[in-house]
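Below is one structure, written out as structure tokens; comments come after it.
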Amino acid sequence: MLAYIWAEDLNHQIGYRGQLPWHLPADLAHFKRMTQGHPMIMGRKTFASLPGVLPGRPHYVLTRSANYAQSYADDQRVKIFHTKQELETFIGNDQRLNFIIGGASLFASFANQVDLLYVTKIAATFAGDVKMPQLPWSEFDLVWAKRGKMDQHNLYPYQFKLYCRKNSKLQLSSLEPAYNSAKTVILK
């Protein structure tokens, strides 16, 4: 089962010079809560942008570079794949939710296979050099949304949103409890 998780600004920017274009601690906490215990799939550049191997979740890195496999051969937390097919074969029978966290080429490559879209929409614009690829939005339904609280640490208006592919066999009740709370209101 595949999910995307990302944050974007009003212009769909997702990166700038190998980093996030903004600092939004609430989004980082959301990312950690959602991905904890789940495999994360990423490209080499996204992996390089992390502060290190994040605890509590396997890292699956898709790269053409043969050197990466040697560099992480002894690290059980990191598995290197050289082709999309090799990665798909490996995760094929995995019943866990596998999060694709970037970059843009991976988001584009799996757009017709992903079941869930976890997106943080930031109501501001930033300098950026990487945009989120166009997704088949008509194939997804918004199932949950929540406005974030601005404060001295989270300086921009933002919303967390979850979309599910229409006709998906996914059981939404198995997701994060916050998404199933009766108090949660879908904001459109």
- Looking at Thr89, is it under 12 Å from the mean Cα position of the chain (by Cα), modelled with pLDDT of 95 or more and of a type in the set (S, T, N, Q)? no
For segment 110-147, the count of residues that are in contact (Cβ under 8 Å) with a residue 60 or more places away in the chain, under 14 Å from Asp27 (Cα atoms) and under 18 Å from the mean Cα position of the chain (by Cα) equals 5
Residues in segment 69-83: is at least one without any contact (Cβ under 8 Å) to a residue 24 or more places away in the chain and under 24 Å from Lys161 (Cα atoms)?
no
Of the residues in segment 2-30 that are loosely packed, with under 15 Cβ neighbours inside 10 Å and small (Gly, Ala, Ser), the one that is nearest to the chain's Cα centre (by Cα) is Ala29
Just one listed residue, out of Lys131, Lys161, is modelled with pLDDT of 95 or more and within 17 Å of Tyr16 (Cβ to Cβ), and it is Lys131
Taking segment 1-43 and keeping only residues that are touching a Phe, Trp or Tyr at 6+ places or on another chain (Cβ under 7 Å), part of a loop (DSSP other than H, G, I, E, B) and more than 16 Å from Tyr156 (Cβ to Cβ), one is left with His38, Pro39
Considering segment 52-62, residues that are modelled with pLDDT of 95 or more and either in contact with a helix residue (DSSP H, G or I) (Cβ under 7 Å, 6 or more places away or on another chain) or of a type outside the set (A, V, I, L, M) (or both), and then whichever is surrounded by the fewest Cβ atoms within 10 Å (Cβ to Cβ), we arrive at Pro55
Subset of segment 83-109, residues farther than 20 Å from Phe31 by Cβ and in contact with a helix residue (DSSP H, G or I) (Cβ under 8 Å, 6 or more places away or on another chain), comes to Lys84, Ser109
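The values are calculated or read from the model by the stated rules, or taken from the named source; none is laboratory data. Quick caveat, the model's predicted, so the values are computed rather than measured. Don't worry about glycine lacking a Cβ; one is built from the backbone with ideal geometry, like all the others, and counts go over all protein chains shown.
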